[in-house]
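The values are calculated or read from the model by the stated rules, or taken from the named source; none is laboratory data. Source: prediction; values computed, not measured. Quick reminder, even Gly has a Cβ in these numbers, built from the backbone with ideal geometry, and neighbours come from all protein chains shown. Ligands, DNA and RNA are stripped out before the accessible areas are found, and what is left, the full protein with its side chains, is counted by its heavy atoms. Shrake-Rupley method; radii C 1.70, N 1.55, O 1.52, S 1.80 Å.
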Amino acid sequence: MDLWDLLSYAAWAVSVLLFLWMLIDAWGVGRKFQEDFLLSSREGEE
Amino acid sequence: MSEATTAAAGGSSGQPTRIALLKVLGPVHVWALGVGIVLVGEFMGWNFSVGKGGAYGSLIACWVVGLLYTCVAMIDSEVTSTVAAAGGQYTQAKHIVGPLMAFNVGLYLVMAYTMLEAGDALVVGDLMKAVAGEFGHADLDPRPFVVLSIAILAWLNYRGVFMTLTVNFVITAAAFLAIVILFFGVAPWEPGKVLLHKELLIDLPYGWIGVIAAMQFAMWYYLGIEGTCQAAEEVRSAGRSIPLGTMSGMITLLIAASLTWYVAAGLMPWEYLGQAITPLYDAAKLTGNGTLQVILFVGTIFSAIASANGCINDASRAWFSMGRDRYLPTWFGAVHPRYRTPYRAILFLIPIAVVFAFQAPLDQVISFSILSGLLGYTFMSLNMMKFRKQWPLGSIKRGYVHPFHPLPAIVLLVLCVATYFATFLGYGATLVAVMAFYILASAWFVFHRYKFVRRGDQFTMPWPRPKGY
Amino acid sequence: MAQHYEPPKQAGVGQFIDSIVLMVLVFICLLAPVYLKADHSAAPPPEVQAEAAKAAATWQSLGQTPAQAQQWEKLGYTPETAQPIVENRFDYTVDPTALIVTIAVIVGYFVFVFRISDREYREVVRERFGNGGN
């Protein structure tokens, strides 16, 4: 177990955390806002 | 800008009725997006063209393909400055050719960028492994670093486009500077001291057919510059910023490609160069200068990260647009109310990129990416001719009009045909496999998916009826 | 105004399946050439490497000049380890049947996509601008 092993584990851990953060945030947004509102963007609007 | 875009999308009370991507980007970001995606090509990948046609063959191919991309940039600037919407070429196809073409173009974009992203992450992993090896830790598993780079960049993209592309500008500029430093570091004014062009360069090893074959990987010098127009919906004044950012990006790339070739060809025998994984890093090693080696290590990592970052940005915009138009499940057409990013598309594409990076071999991934790009250029040439025919000059307001039409479109088409032939030489089976994918996907769209598409909604530009329809 | 086409609503399960289908498809096409081993590969096959180890190669027999040999050595190669790289050549002989099939596939694909798109585009234009073209 040296520095590089530690770095590898840290990399896995940080990746999982970031991914979980995004999932939880996306889930929260889906609950807090109406689906119609989230899908309401229209193409090419100035 | 409508009131919906300016209104803050705060809590659930007092919601505005519409939501949109944020318009915050300027020409600098467009440059960073275009060059950022491509510059990694100078640090790895372009040199496979040396393997296919020798060093001189690669240089000739680099220039010819540079011409192809100049046509791409010209055509793109005109159409994008007129059709400014997320999805870039995809939206253009929808308005000018029709839904099935648009679906295919959207897939070209998503596939080209997601595969490139996987390749970039692999490069980061391999470099970490190489460095660990030099510090005495043999056989480091590169996978955690591959996943980490994808995770960080996806997170950055999720949190907002302005920050994402500002970061991209900084690291892209640093990577470009690394190439310039390397060029001066090898003392180009004293040939024979470090650079050994006279001793190392030989005639074309495969003759002229090798030069044509080399065009396949010479595309790697520039592949992805057309991604600039994915940002169209988020740029403050698209009509001005996109042509400016794209053209200056193209000039940057032509300079970088020439410097890269000059340094690498003066340091490595072509047989080695033709299969090297990180040719510029190897070039720095050959100079024996420790500082240069560190600079090129950082440059390679930065370029790979910038590229993956831009790819996540572009692939998710294309996926999002297809969801919004119901070409894909509508669920993907959502915009994050706080960060104003296509967050579901970003999330969905993460595991896909990871799986590409873990399961598929690098040259296969690169070939799939290049071919998807090439199909896109073929479309752009035909699209340009249709565009001018259906809406002649003067019938609609164009942000920019490119000169010498239809010459660029014809040159582009001819060069595309030559590049298909180049791919056929040596990678024929991959070519057919890629075509099989797009044919099957098209059939799926025609027989299954198209029934969910709202017909009239596919045309959103305030233009008159197209001529001939 | 031309008649308006109202698409069916797609349920969650259908949306999920549609997301997966394309990805499965791309995987099959990406990996097919790898498993069928149809193309030139960047790494030379093991037989070539084994053969290379047997024959004692020199820089001269590999056609490398002294300057080239010097750079190889700086990169950490010996004639034996460099041999498979130097001798791994592409084969550019064109098989006419394969070429014709490939051309047919690409041209056929574009013709197919443009024709269907044109048909669909007419529906789009009709719904957006009404009947009676110019």
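Numbers below:
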read-out: Some residue of segment B:394-412 being within 7 Å of chain C (Cβ to nearest Cβ), of a type outside the set (Ser, Thr, Tyr), open to solvent by 10 Å² or more (accessible area, probe 1.4 Å) and under 21 Å from residue B:218 (Cα atoms); value: no
read-out: Given (1) at pLDDT below 90; (2) part of a helix (DSSP H, G or I), index of the condition residue B:36 fails; value: (1)
read-out: Cβ-Cβ under 7 Å pairs, at least 6 apart or on other chains, segment B:175-193 side more than 15 Å from residue B:301 (Cβ to Cβ), far side assigned to a loop (DSSP other than H, G, I, E, B) and among the β-branched types (Val, Ile, Thr); value: B:186/B:194; B:187/B:194
read-out: Considering residues of segment A:15-46 that are basic (Lys, Arg) and either open to solvent by less than 30 Å² (accessible area, probe 1.4 Å) or within 8 Å of chain B (Cβ to nearest Cβ) (or both) only, the residue nearest to residue B:140 (Cα to Cα); value: A:32
read-out: Options C:80, C:123, C:87: the member that is facing chain B (nearest Cβ under 7 Å), of a type outside the set (Lys, Arg) and open to solvent by 60 Å² or more (accessible area, probe 1.4 Å); value: C:123
read-out: Single residue of A:4, A:12 found to be facing chain B (nearest Cβ under 7 Å), free of Cβ contacts under 8 Å to residues at least 24 places away in the same chain and in contact with a His (Cβ under 6 Å, 6 or more places away or on another chain); value: A:4
read-out: Number of the exception - residue B:234 against (1) over 22 Å from the mean Cα position of the chain (by Cα); (2) within 30 Å of residue B:341 (Cβ to Cβ); value: (1)
read-out: Positions within segment B:15-69 being among the β-branched types (Val, Ile, Thr) and open to solvent by 10 Å² or more (accessible area, probe 1.4 Å), in sequence order; value: B:17, B:24, B:28, B:60, B:64
read-out: Enumeration of residues in segment B:345-363 that are surrounded by fewer than 24 Cβ atoms within 10 Å (Cβ to Cβ) and not in a loop (DSSP other than H, G, I, E, B); value: B:347, B:348, B:351, B:352, B:354, B:355, B:358, B:359, B:362, B:363
read-out: Residue within segment B:304-324 that is charged (D, E, K, R), within 11 Å of chain C (Cβ to nearest Cβ) and in contact (Cβ under 8 Å) with a residue 12 or more places away in the chain present; value: no
read-out: Scan of segment C:12-27 for residues that are modelled with pLDDT of 85 or more and more than 7 Å from chain B (Cβ to nearest Cβ), ordered by number; value: C:13, C:14, C:16, C:17, C:20, C:24
read-out: Residue B:377 of a type in the set (Ser, Thr, Tyr), more than 12 Å from every other protein chain (Cβ to nearest Cβ) and in contact (Cβ under 8 Å) with a residue 40 or more places away in the chain; value: yes
read-out: Number of positions in segment B:310-343 that are over 16 Å from the mean Cα position of the chain (by Cα), within 19 Å of residue C:26 (Cβ to Cβ) and in a helix (DSSP H, G or I); value: 5
read-out: Wholly within segment B:158-253, helices (runs of 4 or more DSSP H) carrying at least 2 residues that are modelled with pLDDT of 90 or more; value: B:161-185, B:208-218
read-out: Segment B:70-95: number of residues that are hydroxyl-bearing (Ser, Thr, Tyr) and open to solvent by 10 Å² or more (accessible area, probe 1.4 Å); value: 3
read-out: Given (1) open to solvent by 10 Å² or more (accessible area, probe 1.4 Å); (2) under 22 Å from residue B:327 (Cβ atoms); (3) of a type outside the set (A, V, I, L, M), number of the condition residue B:98 does not satisfy; value: (1)
read-out: Qualifying residues in segment B:416-448 (those that are more than 7 Å from every other protein chain (Cβ to nearest Cβ) and touching a residue at least 40 places away in the same chain (Cβ under 8 Å)) - the one surrounded by the most Cβ atoms within 10 Å (Cβ to Cβ); value: B:422
read-out: Hits in segment B:254-302 - residues which are open to solvent by 10 Å² or more (accessible area, probe 1.4 Å) and either touching a strand residue (DSSP E or B) at 6+ places or on another chain (Cβ under 9 Å) or over 24 Å from residue B:199 (Cα atoms) (or both); value: B:254, B:255, B:290, B:291, B:294, B:295, B:297, B:298, B:301, B:302
read-out: Verdict on residue C:116 being within 23 Å of residue B:434 (Cα to Cα), over 23 Å from the mean Cα position of the chain (by Cα) and surrounded by 12 or more Cβ atoms within 10 Å (Cβ to Cβ); value: yes
read-out: Number of the condition not met by residue B:296 [criteria: (1) over 30 Å from residue B:344 (Cβ atoms); (2) out of contact with any helix residue (DSSP H, G or I) (no Cβ under 7 Å at 6 or more places or on another chain)]; value: (2)
read-out: Checking residue C:125 against (1) over 30 Å from residue B:380 (Cβ atoms); (2) over 25 Å from the mean Cα position of the chain (by Cα), the condition it does not meet; value: (1)
read-out: Selected residue [β-branched (Val, Ile, Thr) and surrounded by fewer than 17 Cβ atoms within 10 Å (Cβ to Cβ)] from B:170, B:146, B:124; value: B:170
read-out: Given (1) open to solvent by 30 Å² or more (accessible area, probe 1.4 Å); (2) within 27 Å of residue B:369 (Cα to Cα), index of the condition residue B:175 fails; value: (1)
read-out: Given (1) free of Cβ contacts under 8 Å to residues at least 60 places away in the same chain; (2) over 21 Å from residue B:296 (Cα atoms), number of the condition residue B:143 does not satisfy; value: (1)
read-out: Residue tally, condition open to solvent by less than 30 Å² (accessible area, probe 1.4 Å), at the interface with another protein chain (Cβ under 9 Å from one of its Cβ atoms) and under 28 Å from the mean Cα position of the chain (by Cα), over segment B:196-226; value: 2
read-out: Residues (more than 7 Å from chain B (Cβ to nearest Cβ), closer than 20 Å to residue B:444 by Cα and open to solvent by less than 70 Å² (accessible area, probe 1.4 Å)) located in segment C:95-109; value: C:108
